[in-house]
1. Of all residues in segment 218-241 being closer than 17 Å to L176 by Cα and assigned to a loop (DSSP other than H, G, I, E, B), which is least open to solvent (accessible area, probe 1.4 Å)?
2. Please tell me if D94 is over 24 Å from L138 (Cα atoms), crowded, with 22+ Cβ neighbours inside 10 Å, within 15 Å of the chain's Cα centre (by Cα) and not hydrophobic (A, V, I, L, M, F, W, C).
3. Taking interchain pairs and intrachain pairs at least six residues apart, which have beta carbon atoms under 7 angstrom, with the first residue in segment 148-174 and at pLDDT 95 or above and the second open to solvent by 70 Å² or more (accessible area, probe 1.4 Å) and among the aromatic types (F, W, Y)?
4. Kindly provide the set of residues from segment 58-78 that are in contact with an Asp or Glu (Cβ under 7 Å, 6 or more places away or on another chain), within 15 Å of D181 (Cα to Cα) and open to solvent by less than 40 Å² (accessible area, probe 1.4 Å), ordered by number.
5. If S196 passes every condition in (1) open to solvent by less than 50 Å² (accessible area, probe 1.4 Å); (2) at pLDDT 95 or above but one, which one does it miss?
6. Filter segment 38-57 down to the residues that are of a type in the set (A, V, I, L, M, F, W, C) and more than 19 Å from K152 (Cα to Cα), then identify the one that is surrounded by the fewest Cβ atoms within 10 Å (Cβ to Cβ).
7. Look at T65 and say whether it is at pLDDT 95 or above, in a loop (DSSP other than H, G, I, E, B) and among the β-branched types (V, I, T).
Amino acid sequence: MNTLSTSILSKTIPAGGKWSGRISRGKRLTFTALEEGANVSLLFYNANDTAERYNMSDTLKAQHTAHLTKGNVLMSDNGQVLASIIEDSLGWHDTISGYATRRLIAEKYGKTTYQEQRNDWYRSGEENFTIELFRNGLTSRDLVPVVNLFSKVFCDEEGTMHFVSGHAQKGDTVMLRTEMDVMLILSNTPNPLDTSSTYPSVPIELSISDAEPVQEEDVCLNHRPENRRAFENTRDNVLLTKGGIL
């Protein structure tokens, strides 16, 4: 059996759900939308030094883009690659909208509480991230901009942000490859700009397996010169921290 195609972990994240885990370098993370209109918000940290985390501004500036797709990488604030996007059926993932707050969710979809609705209450990204950060020894002060997989948001010439409804269809997938040991925190909660009048209820499947090693012709490595430098920075750090073993 080809171990690279064998799933190490497979989870379905329900609408409003959250998850966190430490994932070693060289893993493939496959996210699949199980219904139309999905959105899952991601936070990435260096698992061995959580002071290093995803840096939105450097990621976008270095790759000359405002959204992410195949070939792009998620850079840290130390100029290293946390993860790369190696496959993508959509071509656009939101980086600029952030996560939904408790106040926004209540204003858009109505006020709910766990005491009254139990597991049917409407979660927010703000609450989900805060809980998972605390579980991993961090606090709300460690919240940073997120990547919203499956959502498309663009700005017009006046700078107004627009959410594209129906961007993600059932079965759409995006695959990420971890380039260092990472801590991933995710929240399956609505994009804050979602125009839907009802709370989206779209489950997401996350599958983790071994990834193929990075080759010289790798699309993420060669996407831009800045990507290659970030990969080199990551390689050097791995050599220093892993006793010279890549």
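1. C220
2. Numbers: over 24 Å from L138 (Cα atoms): yes; crowded, with 22+ Cβ neighbours inside 10 Å: yes; within 15 Å of the chain's Cα centre (by Cα): yes; not hydrophobic (A, V, I, L, M, F, W, C): yes.
The answer is yes for D94.
3. H162/F154
4. M75, S76
5. Result: S196 passes all but (2).
6. Step one: filter segment 38-57 for residues of a type in the set (A, V, I, L, M, F, W, C), giving 38, 40, 42-44, 47, 51, 56.
Adding the requirement that they be more than 19 Å from K152 (Cα to Cα) leaves 44, 47, 51.
Values: F44: 26, A47: 20, A51: 11.
Residue satisfying both the conditions and the ranking: A51.
7. Working: at pLDDT 95 or above: yes; in a loop (DSSP other than H, G, I, E, B): yes; among the β-branched types (V, I, T): yes.
Judged against the criteria, T65 is a match.
Results for (1) outside any loop (DSSP other than H, G, I, E, B); (2) without any contact (Cβ under 8 Å) to a residue 12 or more places away in the chain; (3) more than 20 Å from S201 (Cα to Cα), shown as yes or no for each residue.
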| site | (1), (2), (3) |
| --- | --- |
| I8 | yes, no, yes |
| G16 | no, no, no |
| F31 | yes, no, no |
| A38 | no, no, no |
| T59 | yes, no, yes |
| K70 | no, no, yes |
| L74 | yes, no, yes |
| E87 | yes, no, yes |
| S97 | no, no, no |
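The values are calculated or read from the model by the stated rules, or taken from the named source; none is laboratory data. All values reported here derive from a predicted model rather than from experimental measurement. In this analysis, Cβ positions are derived from the backbone assuming ideal geometry, glycine residues included, and neighbour counts consider all displayed protein chains. Note: areas computed on protein heavy atoms with side chains; ligands, DNA, RNA excluded. Shrake-Rupley method; radii C 1.70, N 1.55, O 1.52, S 1.80 Å.
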